[in-house]
């Protein structure tokens with residue numbers, strides 16, 4: 001009888017132990033999780049982070065808050081995450097090519113994207129649109145290239161220095177063998193005003209910013225920078241099919257954690273984030289805004305980060321883009 005009771009107690013004990021984390025491995029998350037957005041509130045990075053935070057909070061039964069820490073082209077917020085405790089409770093929401101370009105053109109970056117961060121998952125991409133002022137006699141990418149070749153250095157485009165918009169144009173100029181004139185702006189708002197008004201000739205910007213002006217006819221959109229046409233503008237060709245095979249200059253959003261975060265925590269965050277992204281309601285909401293779901297694992301995202309760093313370093317070097 002005593003032997004039978006002992007066996008039952010041992011079985012119960014083993015079952016209980018199987019349901020709790022191993023010694024030193026606390027359940028994640030065990031407290032508030034912060035997603036640091038290294039830019040001010042209201043931009044596409046911030047809006048995506050807030051949608052993700054709400055749904056991860058529901059899944060994890062822990063508050064997930066978005067913290068905007070803008071400044072120095074994203075370096076302030078990124079550096080804060082790099083120096084945070086490596087326990088998965090502080091995440092960085094970063095966008096390529098911004099993080100790749102910052103490292104290439106800024107004189108002093110206090111962190112290294114490949115050494116100080118662990119990639120978690122590439123969340124989504126959002127294509128950019130190449131548009132021109134509607135009064136110009138340009139209706140295709142090839143006509144834009146011909147226009148620029150006939151007027152070396154006179155084709156104007158604008159946005160903030162080192163932005164994804166500037167880089168997309170510099171990539172096209174490099175591939176096409178044309179010279180353009182970049183006019184620095186503080187952001188997309190004033191750029192769009194001057195592009196419509198004719199002060200600027202052409203420009204790239206993300207689809208959510210450009211689409212209303214395209215639909216109203218105030219801008220003429222020539223191409224989209226994603227590998228495939230956008231479902232929101234199925235009649236607009238890609239830059240790749242417009243004479244520049246392999247051209248891609250979409251904006252990619254991803255999550256990072258400090259480099260020494262335990263692999264099992266990185267994996268859990270990645271798995272749960274991908275689960276949230278592929279939920280039908282979340283997926284539909286993001287796609288309506290022009291986002292294209294990626295939801296990669298950490299290994300695939302690490303490869304993407306490496307390729308983005310190499311690609312945009314080359315473009316910034318060719319275009320001689322520097323921030324003093």
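Restricting region 305-324 to residues that are outside any helix (DSSP H, G or I) and in contact (Cβ under 8 Å) with a residue 12 or more places away in the chain leaves a set whose member that is surrounded by the most Cβ atoms within 10 Å (Cβ to Cβ) is 321. Of all residues in region 190-199, none satisfies being closer than 19 Å to residue 93 by Cβ and outside the structural domain of residue 80 (by TED's automatic domain parsing). Would you mention how many residues in region 98-148 are over 25 Å from the mean Cα position of the chain (by Cα) and in the same structural domain as residue 305 (by TED's automatic domain parsing)? Summing the residues that are over 25 Å from the mean Cα position of the chain (by Cα) and in the same structural domain as residue 305 (by TED's automatic domain parsing) in region 98-148 gives 0. Among the residues of region 87-113, those that are modelled with pLDDT of 90 or more and surrounded by fewer than 17 Cβ atoms within 10 Å (Cβ to Cβ) comprise 110, 112.
The values are calculated or read from the model by the stated rules, or taken from the named source; none is laboratory data. Please read these numbers as outputs of a predicted model, since none were measured by experiment. Backbone-built Cβ (ideal geometry, glycine too); neighbour counts: all protein chains shown.
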